[in-house]
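Each remark here refers to the structure printed beneath this line.
The values are calculated or read from the model by the stated rules, or taken from the named source; none is laboratory data. All figures in this text were calculated on a predicted structure; none of them were measured in a lab. Cβ atoms come from the backbone with ideal geometry, glycine included; neighbour counts cover every protein chain shown.
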Amino acid sequence: MGTPSASIPQIAGPSWAAQAGFKLRQVRERLNLTLRRVEEASLEIAGAEHNPEYVLSVARLNQIESDGSLPSIYKLSSLAAIYKLSLEETMGFYGISLRRMEEQRLKLPQARTHPFSVELGDPNRPIRFPVRFDPGFRPEKTEFLSRMVEL
């Protein structure tokens, strides 16, 4: 009982992962970083985070760049830090758009809800609220959104 393959978009040409690996290699080369230097930097990150999942070996980095292998979220985080990219931009190489994800999240019906956050990398991006601010709101008194707005 799966989703019909006709509804899944087909990608012509190289896969997202292969394209992303190529872009990551371009960034690394533009920064004049060797595979070995990226490995060393990832070891520093793994040490600081006390988590070996952040380590990118030369062999693993080569797989990501050349073979279209998908990195874990930890390794992707290391690459973003080492290459001085935002995680949002790095995920974008793989076709993951946090903005589209937010749109999709809001469109999908849910029988039950829970608080969620909008975590986009650009702090200057405006956030639109479909409500009016309470003129009596005093930010020094509360941080609760329900006290900020008139519903």
List every residue pair whose Cβ atoms sit under 9 Å apart, with the two residues 6 or more apart in sequence or on different chains, where the first one lies in segment 67-84 and is free of Cβ contacts under 8 Å to residues at least 40 places away in the same chain and over 14 Å from SER15 (Cβ atoms) and the second, anywhere, is assigned to a loop (DSSP other than H, G, I, E, B) and small (Gly, Ala, Ser).
ALA80/SER86
How many residues, within segment 58-73, are more than 14 Å from ARG25 (Cα to Cα) and either among the β-branched types (Val, Ile, Thr) or buried (at least 18 other Cβ atoms within 10 Å of the Cβ) (or both)?
1
Inter-residue pairs, beta-carbon under 7 Å, first modelled with pLDDT of 95 or more and in segment 32-60, second of a type in the set (Lys, Arg) and exposed (fewer than 12 other Cβ atoms within 10 Å of the Cβ), 6+ apart
VAL58/ARG36
Tell me yes or no: at least one residue of segment 104-113 is surrounded by 11 or more Cβ atoms within 10 Å (Cβ to Cβ) and modelled with pLDDT under 95.
yes
